[in-house]
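Novice: If you scroll down you'll find the structure; I have some questions about it.
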Amino acid sequence: MRVLVTGGTGFIGSAVVKDLISAGHEVIGLARTNASAERLKSFGATPCEGSLEDVDGLKDMAKSAESVIHMAFAHDFANFGEAAEKDIRAIQALGEGLAIQATNNPFVVTSGVPLGVIGQVATEEVDSDKDFPRKSEAAALPFADCGVRVSIVRPSRFVHGIGDLHGFIPQ
């Protein structure tokens, strides 16, 4: 399967890209920088120059993919609302690209860390976007009505391991 991956050089993304390639998939990775492109190549992926701001480019990339996994997010906590808006626009462009195909292709989107309510069990029924600027789930879910198989992944805030030099644990 030809899989477009955003965030493929991140901590979680690099593991996902390596697993996809080892399973025999063709991975196209969005690369903002030459360093990211080289890292994707070292995993066996094909880098595609672009950014989350280039919505036309994202849509075109998604049109040529059989699946999209969106893990990129600008973790600019000083401008979190702006980063969240950029994420929404990127998700909409990627979803539109897949929807053009209308073939039930998978679209996996990572959402923000589930906030939940202390003392209350968090399930898939809980709206993790409620009262939170990041609206990844709300941006992705409408594409389920457009012939796209949408899945949402809510990573734990404590994802870490060997080589984790940034993120919540090292902080």
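The values are calculated or read from the model by the stated rules, or taken from the named source; none is laboratory data. Note that the structure is a prediction, hence the values are computed from the model and not measured. As a convention, Cβ positions derive from the backbone with ideal geometry for all residues, glycine included, and neighbour counts pool all protein chains shown. Accessible surface is based on the protein model in full, side chains and every heavy atom, while ligands, DNA and RNA are left aside. Shrake-Rupley method; radii C 1.70, N 1.55, O 1.52, S 1.80 Å.
Novice: Tell me, what HN-Hα J-couplings in whole Hz come from the Karplus equation 6.51 cos²θ - 1.76 cosθ + 1.60 at θ = phi - 60° for each residue of the range 26-39, using x for Gly and Pro?
Specialist: Once θ is set to phi - 60°, the couplings for the range 26-39 become 8, 10, 10, x, 5, 10, 7, 10, 4, 4, 5, 4, 5, 5 Hz.
Novice: Tell me which residues come under 5 Å, amide H to amide H, from GLU26 once H is placed; ignore anything under 5 positions away on its chain.
Specialist: So GLU26 has HN proximity to ARG2, VAL3.
Novice: Mind putting a number on the dipole of the range 1-107 about its Cα centre? Charges go on the C-beta only, +1 for Lys and Arg and -1 for Asp and Glu, and I need it in Debye to the nearest 20.
Specialist: Values: 9 positive and 14 negative charges, 63 e Å.
The dipole of the range 1-107 has a size of about 300 debye.
Novice: Can you list the GluC sites (Glu not before Pro) in the range 39-91 that are in a DSSP coil and have 10 or fewer other beta carbons within 10 angstrom?
Specialist: Details: sites: GLU49, GLU53, GLU66, GLU82, GLU85; in loops: GLU53, GLU66.
Those that pass, being in a loop and sparsely packed, number zero.
Novice: At a 1.4 Å probe radius, which order do SER42, SER64, SER51 fall into by accessible area, largest first?
Specialist: Working: SER42 90, SER64 65, SER51 30 Å².
Of SER42, SER64, SER51, the descending order of accessible area is SER42, SER64, SER51.
Novice: In percent, how large is the relative contact order of the range 1-116, given Cα pairs closer than 8 Å and 6 or more residues apart?
Specialist: Values: 194 pairs, mean separation 30.5, N = 116.
This gives 26 percent for the range 1-116.
Novice: Could you name the lysines whose alpha carbon sits less than 21 Å from that of LYS86, not counting residues in the same chain fewer than 8 places away?
Specialist: Output for LYS86: LYS59, LYS63, LYS130, LYS135.
Novice: If amide hydrogens are placed 1.01 Å from N in the peptide plane, which non-local residues have theirs closer than 5 Å to the one on CYS48?
Specialist: The list, which skips near neighbours in sequence, is GLY29, LEU30, ALA31.
Novice: Which Cα, out of LEU40, GLY24, LEU58, lies furthest along the positive dipole direction of the range 1-79 (beta carbon charges, K/R +1, D/E -1)?
Specialist: Toward the positive end, the furthest listed residue is GLY24.
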